[in-house]
Amino acid sequence: MVDINTRIDALIREKLAHPVLDAVPSLIVVLDKIGNIVWFNEACQKLTGYSLEEVKDKPFFPILLLPEQLEDVTNAFNDLKNFSNVNEVYQNYWVMKDGEIKLLRFINSVIEQDGEIEYIISNAEDITESAAVRKLIEDSELHYRTLFDYLPVSVWINDLSAVREYIADLGLFDKSINAARFLEEHSEVLKKCLDLVKIIDVNARSVELYNARTKSYLLENPPFMLNPNACDTMYMQIMTMIDGGDHLELESVCQKRTGEFFNILYQWSVPDEFKNLYDRVYITISDITPLKVAQAETLNLISEKNDILKQLKADEKELLQLVTAVEDSLSLVVITNLKGAIEYVNSKYVEISGIDLEYSRANEINLFSPQYLSIENRADMMRTIEIGEQWFGECKWTKRDGEYYWASTIISSVKDENGQIINYIVNQKDTTIQKDSEEKFRQSQKLEAVGRLASGIAHDFNNVLTAISLNVEIIGTLLSKDDPIIEQVEDAMRSIDHASSIVDQLLLFGRKQDTSFVLFNPKNTIENLSSWVPRLVGAGIQFKIDVITEDMFIYANETMFDQVIVNLVVNAKDAMPRGGKLLLELSSVRINPDQVICTSRYDNPQPLMKLFDNIEEDKSNFCMIRIEDNGTGMSDSTKEMIFEPFFTTKEKGKGTGLGLSTAYGIIRDFGGHIEFESVVSKGTIFYIIIPSVEK
């Protein structure tokens, strides 16, 4: 999502780049609230030698001010941010790019947003020449006339001695009199003072500024008499005299000979030698109308910016609601480009798949590639979405850790205003638990059907085997030990015994043997195994039994329980032909989010429910048996077939393929669950949980 402040700033900067701001001769600088330069018009660039690109977004003070000015200017800037000195006039020296120093005069205004300063606009004027003029007048009368007439600003020399004498006669210099109140109550005094002003001289720029025909015309018809704010200006001059001041700056409005009004900056100063009588007062008048126009333009632009801000905030709110809905959705949502590269994922997708945006970009993931999507007819799916139609189906997707999850998937197209497809939206609903449950249900049905078939065959075969066994035994009793065929009879009996053991396994698989359940302590059963299982697994395998100290009880068939444990131990032994380590562990667990176990799949302990992800939370205690080896492990294809009846990885004649399928059925009959983990070359762990009961 694009940062809204960035967009607003960009709009402001674009708007500020207005021809009006660049066309005015005045210097215009726009600062943000921390003092960085936002805009620097062409007049500023021309004067300083700095381009906009050189100063934009950089702090104003260190670049353009003398070091000795920084403290005072910083204090003034902070006051300005508190609205305490808005529209006051300042003078500062600027250091140009080539090192030249110029004196500038500023008028500052602020743009606020929600009660806080957002931008500071400085309208400046180079008064280096004006300052130089005053110094030259003081230093050399010889150069006075030439400089005076050709100064680029309007300069007036007035004699206010009669004004001073008049207000002295009124007693306004007496500190006991409130001069300000007196002047406010007697406006006629101000008008009288205007009549007492004597104009000594004006320069050529003044004639041009007021559209006067000649200098003499201007002297005979002083324009300040037409100034609607003339009395206010005189009031300020009188108060400056009373306070003993020698400098005054203010903004006002004047009228030209043609009747046109314009804005001025009125600067009034008195050299020390004339300060007592005020018979020489130097006044410079600058036309600041372009600055005012520019300021108005800026205010309009800021108003437009505020409107844009409101609209963007409204759009942002709507977008935020949409994003929140997608982020909080129970569905997995992914947005890709046309090549399948991921551009957005919601939190649910990250939670299930483990793939976030950073990982996707770093690994250049193509979501629709065979590596991440398992689907029978990939070409049909791609054709459907590439023509802009919606595709839906159930797919197997790859997680970050290489495991899979099933999801009911809908893929839709996103089109631009021209109808061109620009993105794909993949909406998934995780169906892994449902899929696993269906698979386990089918497995149970298959085992039950095969079990019924196997038990039926076993019973019939057992009847035939019994008859054969009796006849062979009778033949054996009729032969002497020296009879040459006695050896064949003994071989026949051994084959009958082997066939009988197969019948027993078939009956066990079909659970047609004695299946009476009793209450017993599995700890005692497993501890009894410690006396003979080490001989079964052999000396090359380090066998360890770890059981809890507390007693627990399960309701099951103890013989079948032994059969399951022994079968899993034998399988573990067979998976370690070169020796290894074998652990048989018994513990008590609860099926809840707080119960954790250490598994080979994770580096750190993980919730038990993550392994048995097809069962719901249960507050009861469970007996858990863990059988772990560090043998050869199983491939993915083997893991998919591990509980299938008659499936075996052993050599022909060394296994029936009924051990694990029988164990699966028995544990389910006990009301329990069996799961496993296996990694090639690292080993296998089988987990069995059976509900425990009180004695």
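The values are calculated or read from the model by the stated rules, or taken from the named source; none is laboratory data. Not measured: the values here are computed from a predicted model. Don't worry about glycine lacking a Cβ; one is built from the backbone with ideal geometry, like all the others, and counts go over all protein chains shown. The area values use the complete protein model at the heavy-atom level, side chains included, leaving out ligands, DNA and RNA. Shrake-Rupley method; radii C 1.70, N 1.55, O 1.52, S 1.80 Å.
When you count the other C-beta atoms within 10 angstrom of each residue and take the mean per peptide, 481-487, 524-530, 571-577 line up highest first as 571-577, 524-530, 481-487. Overall, the accessible surface of segment 234-296 at a probe of 1.4 angstrom is composed of carbon and sulfur to the extent of 51 percent. From the alpha carbon centroid of segment 184-227 to that of segment 548-583 is 115 Å.
In terms of its alpha-carbon gyration tensor, segment 521-580 comes out prolate; a/c meets the 1.5 threshold, and the first ratio a/b outweighs b/c. Between amide H atoms placed 1.01 Å from N, distances below 5 Å from Leu65 occur with Val95, all of them 5 or more places distant or on a separate chain. Between segment 347-425 and segment 33-71, the C-alpha centres lie 51 angstrom from each other.
Rolling a 1.4 angstrom probe over the protein heavy atoms with all chains in place gives segment 158-269 an accessible area of 49 Å² per residue. A straight chain from Glu351 to Ser187 at 0.36 nm per residue would run longer than the Cα-Cα distance by 51.0 nm. Direction-averaged projected area, Cα convex hull, segment 331-426: 5.9 nm², rounded to one decimal. In plain terms, the chain from Met239 to Lys695 could stretch by 153.6 nm, reckoned as 0.36 nm per residue minus the Cα-Cα distance.
Put simply, the amide H of Lys275, placed in the peptide plane, has no neighbours under 5 Å, leaving out anything fewer than 5 places away on its chain. Taking one quarter of the surface of the convex hull spanned by the alpha-carbon atoms of segment 655-695 gives a direction-averaged projected area of 4.1 nm². Close amide-amide hydrogen proximity is noted between Phe520 and Ile554, Ala556, each under 5 Å apart and 5 or more residues distant or on a separate chain (H modeled in the peptide plane; Pro and chain starts excluded).
Computed extension length for Glu129-Asp636: 173.7 nm, one decimal, from 0.36 nm per residue of separation with the Cα-Cα distance subtracted. The calculated FRET efficiency for the pair Asn78 and Thr214, based on their C-beta separation and a Förster distance of 45 Å, comes to about 0.35.
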